[in-house]
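See structure below.
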Amino acid sequence: MSTATPVTTPPLKAEKISTAGVAKKRLSSPWASIAAIVIAVLWTLPTFGLLVSSFRPEREIKTTGWWTFFSDPTTTFENYSKVFGEEGGVNLAAFFVNSLIICIPSVLIPMSIAALSAYAFAWIKFPGRNVLFLMIFALQIVPLQVTLIPLLKIFVSIDITGTFWTLWLSHATFALPLAIYLLHNFMREIPAGLIEAARVDGAGHVSIFFKVMLPLLTPALAAFGIFQFLWVWNDLLVALVFAGGGDEVAPITLQLANLSGTRGTAWHLLSAGAFVSIIVPVTVFLLLQRYFVRGLLAGSVKG
Amino acid sequence: MFGHTKSPRFRAALAGTLSAGLVFGLAACGGDDSDSGSDADASASAIDCAPYTKFGDIKGKTVTIYTGIVTPEDTPHIESYKPFETCTGATIKYEGDKSFETQVLVRARAGNPPDLAIVPQPGLVKQLVSTGKAVAAPQEVSDNVDKFWDKAWKAYTTIDGKFYGAPLGASVKSLVWYSPSEFKDKGYTVPTTLDELKALSDKIVADGGKPWCAGIASGDATGWPVTDWVEDFVLRTSSPETYDKWVNHEIPFNAPEISTAFDAVGGYLKNDAYVNGGLGDVKSIATTTFQDAGLKILEGQCSLHRQASFYAANFEKGTKVAEDGDVFAFYLPGKDASTKPVLGAGEFVVAFADRPEVKAFQTYLSSDVWANTKAKLSSGWVTANKGLDQANLTNPIDKLAGGILLDPNATFRFDGSDMMPAAVGSDAFWKQSTAWITGQDTKTTVDNIEKAWPK
């Protein structure tokens with residue numbers, strides 16, 4: 001405890017330091033920590049400003065910046081009570097349910113289809129497999145904007161406009177190429193011996209898929225599920241085009257966009273509205289964050 | 001490392017977000033109940049149902065109406081449909097969407113249009129008609145429009161000889177916002193000619209103030225408030241006839257009359273002595289949002305702000321908008337007290353279906369009955385429907401705007417940028433005007449806009 005730092009651990013023999021070890025050492029150096037903190041602060045600052053803004057009175061929001069809050073703190077819950085439809089106007093709460101109804105099937109449909117087709121592409125040999133996989137992979141290049149009007153025309157012709165089906169189907173369609181690609185790569189990494197062993201034990205494709213693959217796939221499925229959920233929850237464009245049919249099918253993002261009023265005169269409500277709609281994504285993130293990081297690496301590491 | 005160990009803090013955060021979600025969910029259910037309970041008092045004003053009986057039995061039918069009018073202006077709209085619903089038993093399904101202007105085209109092209117759309121620009125009506133999905137208005141609507149509107153209004157939506165939509169609401173753009181108390185304290189009077197307006201501005205400068213405040217930032221529509229200024233001054237420095245020629249491109253955009261109008265506007269907006277009250281120098285006009293610019297009147301840092309009647313909604317709750325209140329507006333005067341050009345805008349109801357219930361509802365919307373019902377319910381809304389009883393306009397600014405619109409001596413002209421081709425009216429005119437504010441000279445500006453006009 002005095003002047004010299006006591007050598008508590010004998011210095012490691014320096015011959016064998018793995019690449020991971022080097023990375024760990026470098027990333028946990030004080031400089032790296034400072035950089036990480038600076039980046040974190042910079043990136044959180046706008047959100048923090050938004051949070052502060054959401055508690056300021058209308059006049060203050062409209063005339064001064066959020067940082068003046070610290071020299072002249074006045075708070076109010078009026079913005080929040082307004083986005084929950086007191087004295088008419090928008091009630092965001094009513095659209096929470098819509099957003100959930102849209103999101104859950106929009107995640108489950110592509111997830112189940114993609115898992116099955118990824119299995120087929122990875123472990124069933126059939127003619128044209130590679131060409132077909134390449135085509136699906138290439139579909140990721142197509143921007144979804146070009147499909148909007150043709151897709152809407154199809155929905156009109158099969159008469160499902162104004163229902164949730166348009167949103168479920170379109171979100172599922174847009175998600176499938178990436179989902180199949182991601183899960184396919186994940187499945188290819190599973191050692192072939194495992195599948196052969198299952199086959200020797202008399203398992204067909206169905207039981208291999210459910211008993212061997214699915215348990216191993218959980219992190220990849222969860223990662224994809226989170227991505228898809230956040231994407232669908234925050235989506236505005238697809239909802240704008242396909243949710244035509246009034247308040248029954250409109251998600252919360254659509255109402256958030258309308259919150260500022262016909263001529264944008266109520267824009268001071270946006271910060272409060274943003275924080276209300278953020279609740280679900282934050283919950284999902286907190287619940288599943290460990291899969292999130294693992295999922296970022298899914299498909300990128302090839303053995 | 002990543003959440004393998006669920007710390008108490010993590011659980012607390014999770015519990016917090018989950019319970020907040022739950023509260024909102026419950027609030028949602030509560031909200032629905034109270035909505036359905038408030039139906040009764042709206043239909044207090046019963047109407048004569050006779051005009052709608054000839055459309056047959058439309059009980060139980062639904063008409064969808066799609067608009068860009070969202071909260072809070074949508075509530076009086078929905079309420080004003082109640083008498084019709086009570087009369088006929090039909091249901092009106094209202095859908096408000098701020099991206100209406102792009103989405104209505106997408107929906108029309110894809111074959112999924114609403115029954116009725118409230119379209120805020122004649123230019124967009126033309127585009128909708130060109131999709132082939134819009135249907136001409138029925139005879140009853142046409143008759144109503146002949147009866148209740150100035151014939152200029154009917155021309156806006158008559159395309160290739162067919163009449164497509166009745167006007168609905170209107171707004172007056174030729175207004176200047178000011179503070180009545182400031183005017184009273186300092187002995188200013190409301191000007192009645194352009195020269196007086198200039199004299200008033202100079203007087204405020206002499207008193208040590210910056211008379212005008214302006215802001216033209218509006219996202220990707222930045223610059224539109226300048227176009228209103230220019231249109232107003234074309235009407236004043238030239239004539240309504242020149243204005244029509246200009247809008248229809250019978251005279252080029254860089255004609256001398258238009259340059260004169262630009263320079264007249266520049267005399268206010270590009271004059272460092274006049275702007276930008278409480279906000280900065282001339283260039284700050286380009287970076288101030290149009291919503292915020294006029295608020296400086298309340299703080300006494302700015303005396304005059306030219307903006308349409310809808311600007312009333314921008315002042316925070318509790319601000320008294322009246323002739324004896326915190327803030328009010330006066331008519332942007334004509335060249336002399338006898339000429340009264342009025343720049344305005346309005347909405348039109350375009351139909352995409354000709355089922356009997358749709359026709360019946362269109363007829364209702366074009367009637368004087370609806371105009372009066374709506375006027376009673378809303379504030380911050382006027383119409384150019386001559387059947388409107390001015391006594392039904394409740395708040396002072398509506399009374400002022402209604403008075404200007406229905407003044408038989410006034411010459412009404414529709415916002416020109418809404419009628420010009422989109423490449424000019426909602427592109428080059430905006431962008432070049434913004435450049436003009438930030439220092440580009442008038443000649444380059446009008447020449448560039450003229451170049452952008454589709455051949």
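The values are calculated or read from the model by the stated rules, or taken from the named source; none is laboratory data. Remember, predicted model here, so these are calculated numbers, not experimental data. Glycine also receives a Cβ, built like all others from the backbone with ideal geometry; neighbour counts cover every protein chain displayed. Just the protein is used for accessible areas: all its heavy atoms, side chains included, with ligands, DNA and RNA removed. Shrake-Rupley method; radii C 1.70, N 1.55, O 1.52, S 1.80 Å.
Residues that are open to solvent by 30 Å² or more (accessible area, probe 1.4 Å) and away from chain B (no Cβ under 14 Å) within the range A:158-181 comprise A:Phe164, A:Trp168, A:Leu169, A:Thr173, A:Phe174, A:Leu176, A:Leu178, A:Tyr181, listed in sequence order. On the stretch given as the range B:82-91, residues that are out of contact with any Lys or Arg (no Cβ under 6 Å at 6 or more places or on another chain), in contact (Cβ under 8 Å) with a residue 40 or more places away in the chain and either part of a strand (DSSP E or B) or crowded, with 19+ Cβ neighbours inside 10 Å (or both) total 5.
Every residue, every condition in (1) free of Cβ contacts under 8 Å to residues at least 12 places away in the same chain; (2) closer than 26 Å to A:Gly244 by Cα; (3) open to solvent by 40 Å² or more (accessible area, probe 1.4 Å), yes or no:
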position	(1), (2), (3)
A:Leu42	yes, no, yes
A:Leu45	yes, no, yes
A:Leu51	no, no, yes
A:Lys62	no, no, no
A:Trp67	no, no, yes
A:Ser81	yes, no, no
A:Leu92	no, yes, no
A:Ser99	no, yes, no
A:Ile109	no, yes, yes
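Against the list (1) modelled with pLDDT under 95; (2) in the same structural domain as A:Leu230 (by TED's automatic domain parsing), the condition A:Glu86 fails is (2).
Take B:Tyr66 and tell me if it is touching a helix residue (DSSP H, G or I) at 6+ places or on another chain (Cβ under 7 Å), open to solvent by 10 Å² or more (accessible area, probe 1.4 Å), within 14 Å of chain A (Cβ to nearest Cβ) and in a strand (DSSP E or B).
Details: touching a helix residue (DSSP H, G or I) at 6+ places or on another chain (Cβ under 7 Å): yes; open to solvent by 10 Å² or more (accessible area, probe 1.4 Å): no; within 14 Å of chain A (Cβ to nearest Cβ): yes; in a strand (DSSP E or B): yes.
No.
Of all residues in the range B:197-237, which are assigned to a helix (DSSP H, G or I), open to solvent by 30 Å² or more (accessible area, probe 1.4 Å), touching a Lys or Arg at 6+ places or on another chain (Cβ under 9 Å) and of a type outside the set (Ser, Thr, Tyr)? Don't jump to the end; show me each part of the working.
Residues of the range B:197-237 assigned to a helix (DSSP H, G or I): B:197-206, B:224-237.
Checking the rest, the ones that are also open to solvent by 30 Å² or more (accessible area, probe 1.4 Å) come to B:198-199, B:202-203, B:205-206, B:224, B:237.
Among the residues that remain, those that are also touching a Lys or Arg at 6+ places or on another chain (Cβ under 9 Å) are: B:203, B:237.
B:Lys203 - this is the single residue of the range B:197-237 that is assigned to a helix (DSSP H, G or I), open to solvent by 30 Å² or more (accessible area, probe 1.4 Å), touching a Lys or Arg at 6+ places or on another chain (Cβ under 9 Å) and of a type outside the set (Ser, Thr, Tyr).
In this structure, is B:Leu393 touching a Ser or Thr at 6+ places or on another chain (Cβ under 8 Å) and either among the small types (Gly, Ala, Ser) or farther than 26 Å from B:Val275 by Cβ (or both)? In short, no.
Based on this model, can you work out whether A:Leu236 counts as at pLDDT 85 or above, open to solvent by 50 Å² or more (accessible area, probe 1.4 Å) and at the interface with chain B (Cβ under 9 Å from one of its Cβ atoms)? Against the criterion (at pLDDT 85 or above, open to solvent by 50 Å² or more (accessible area, probe 1.4 Å) and at the interface with chain B (Cβ under 9 Å from one of its Cβ atoms)), A:Leu236 qualifies.
Which one of these is modelled with pLDDT of 60 or more and on the phi < 0 side of the Ramachandran plot: B:Gly60, B:Gly31, B:Gly68? Step through it out loud before you land on a result.
Numbers: B:Gly60 fails: on the phi < 0 side of the Ramachandran plot; B:Gly31 fails: modelled with pLDDT of 60 or more.
Being modelled with pLDDT of 60 or more and on the phi < 0 side of the Ramachandran plot holds for just one of B:Gly60, B:Gly31, B:Gly68, which is B:Gly68.
At least 1 residues being hydroxyl-bearing (Ser, Thr, Tyr) and under 30 Å from A:His184 (Cβ atoms) is the threshold, and among the helices (runs of 4 or more DSSP H) wholly inside the range A:52-132 those reaching it are A:93-123. Suppose we filter the range B:157-169 for residues that are open to solvent by 30 Å² or more (accessible area, probe 1.4 Å) and either in contact with a helix residue (DSSP H, G or I) (Cβ under 9 Å, 6 or more places away or on another chain) or of a type in the set (Phe, Trp, Tyr) (or both); how many remain? Number satisfying all stated conditions: 2.
Give the number of residues within the range B:272-296 that are of a type outside the set (Ser, Thr, Tyr), open to solvent by less than 30 Å² (accessible area, probe 1.4 Å) and part of a loop (DSSP other than H, G, I, E, B). The total comes to 4. Filtering the range A:62-85 to residues that are out of contact with any Leu (no Cβ under 7 Å at 6 or more places or on another chain), within 10 Å of chain B (Cβ to nearest Cβ) and at negative phi leaves only A:Glu78.
Select, from B:Glu316, B:Glu357, B:Glu323, B:Glu299, the only residue that is acidic (Asp, Glu) and crowded, with 22+ Cβ neighbours inside 10 Å. Exactly one of B:Glu316, B:Glu357, B:Glu323, B:Glu299 is acidic (Asp, Glu) and crowded, with 22+ Cβ neighbours inside 10 Å, namely B:Glu357.
Taking the range A:268-291 as the search range and keeping residues that are within 8 Å of chain B (Cβ to nearest Cβ) and touching a residue at least 60 places away in the same chain (Cβ under 8 Å), which one is nearest to B:Gln291 (Cα to Cα)? Working first, answer last.
Restricting attention to the range A:268-291, the residues satisfying the condition of being within 8 Å of chain B (Cβ to nearest Cβ) are A:276, A:279-280, A:282-283, A:286-287, A:289-290.
Right, trim to touching a residue at least 60 places away in the same chain (Cβ under 8 Å) and you get A:276, A:280.
Values: A:Val276: 24, A:Val280: 31 Å.
Once the filter is applied, the top-ranked residue is A:Val276.
Taking the conditions (1) surrounded by 22 or more Cβ atoms within 10 Å (Cβ to Cβ); (2) outside any loop (DSSP other than H, G, I, E, B) in turn, B:Gly266 satisfies each one other than (1). Being within 14 Å of another protein chain (Cβ to nearest Cβ) and modelled with pLDDT under 95 is true of A:Phe155.
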